[in-house]
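*Asks:* Below is one structure. I have some questions about it.
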C-alpha cells in the first residue's frame, strides 16, 4: 500500500529536514533539540563565576589570566524528543479509497523517519474504536523504524474510531516532544478531548487532516447513493439516495469550510497546529511546505 510512496529516494530527500520545537523538553539524553537550560553539549552558551563543586575542567584559564577570577564555560543542552504518531484506521480513511489510506500511512511513516533520522524516538499508534494499538513499541534507530514500516504497509482500515477516547487511553509522557494525529476528522466523536489531553501533557500537538480531491471539491451531479463507510449496516439512516444539484454542492463546500475553520480555531486556542492536505499533492510538498508554515519542521 504505502510502498508506492516510500522508497529510498523519498527518504533521502527527507534527510534535509529537522523537527523544530517551540516548547521545552523533559529530561532525556541525546537528540538534537536545544532547550533553555545549560548542559553537556559542545556548543558554547555563556560564562559564569566558578562555584564550589563545579567541574574544574570547565574553567577558562584565559579569562583567569585577564580578570584573576575563575569562570567556567556553559554549554547548551540537548534532549531526545519522543514523537508520537496517531493514525486513524477507521473505514472513512481508506476502506474503499486505497489512495487515501496509502497517503495517510506514508505521511505517518515520513514523520517517523524524520524523528529517527534526528536520533529521536518514535511511537506509532493505530487508532481503532476507543483504543490505540502500538506498532512495535518505542522505536529508536532506523533498523527498528523500517521493521515497523512493514507493519504500517499492511494496515486494515475499517469500522469507527473515537479519537478522543483512543488517544487518552495511551500512556503519554509530559513535555517530551511532538504528538501528531492523522485523520480526516469526519467523525461524531470528540476529537477535541485528544487535543486537550496532549496539551495538558505539555506536548506540541499537530493535527493533519487528510482528504481526497473529491472530498475537498466533489464533482458529482444527478442521482447518487451516499454511503457512510462507518455505518453498521446498509440500512443505516446515514445511507441515502438523493439527487445532487448545484445548491447542494455549495452547501457541502460551506459545511466543509466551517468544519476546517472550527478545527483551526480550536487548535489555535490550545496552541496546537492544524493543517489540511490533499492526496493529489506530493507528500514531499506536505512535509517541506505545510509543516514549515506551522513551524514544525525547519
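Values in this text are rule-based calculations from the coordinates and carry no lab data. Since this is a predicted model, take the numbers as computed values, not measurements. In this analysis, Cβ positions are derived from the backbone assuming ideal geometry, glycine residues included, and neighbour counts consider all displayed protein chains.
*Asks:* Take each of the peptides 204-216, 60-72, average the number of other beta-carbon atoms within 10 Å over its residues, and list them starting from the highest.
*Replies:* Packing order, densest peptide first, comes out as 204-216, 60-72.
*Asks:* So how far apart, in nm, are the two label points at residue 289 and residue 130 if each is 7 Å from Cα heading toward Cβ?
*Replies:* 4.1
*Asks:* What full-extension length gain, to one decimal in nm, is calculated for residue 51 and residue 259 as 0.36 nm per residue of separation minus the Cα-Cα distance?
*Replies:* Answer, rounded to one decimal: 69.1 nm.
*Asks:* Computed FRET efficiency, Cβ-Cβ of residue 96 and residue 13, R0 22 Å: what is it to the nearest 0.05?
*Replies:* That gives a FRET efficiency of 0.10.
*Asks:* Arranged from highest to lowest average of other beta-carbon atoms within 10 Å per residue, in what order do the peptides 131-139, 95-103 appear?
*Replies:* Averaged packing, sorted descending, gives the order 95-103, 131-139.
*Asks:* Taking every pair of alpha-carbon atoms in region 93-146, give the share separated by more than 14 Å as a whole percent.
*Replies:* Of all Cα-Cα distances in region 93-146, 58 percent exceed 14 Å.
*Asks:* OK, next. Calculate, for residue 143 and residue 201, the FRET efficiency according to 1/(1 + (r/R0)^6) with r their C-beta to C-beta distance and R0 25 Å; round to the nearest 0.05.
*Replies:* 0.30
*Asks:* While we're looking at this one, here's another question. In nm, to one decimal, how far is the modelled label at residue 158 from the one at residue 193, with both set 7 Å along Cα→Cβ?
*Replies:* Rounded to a tenth, the inter-label distance reads 2.5 nm.
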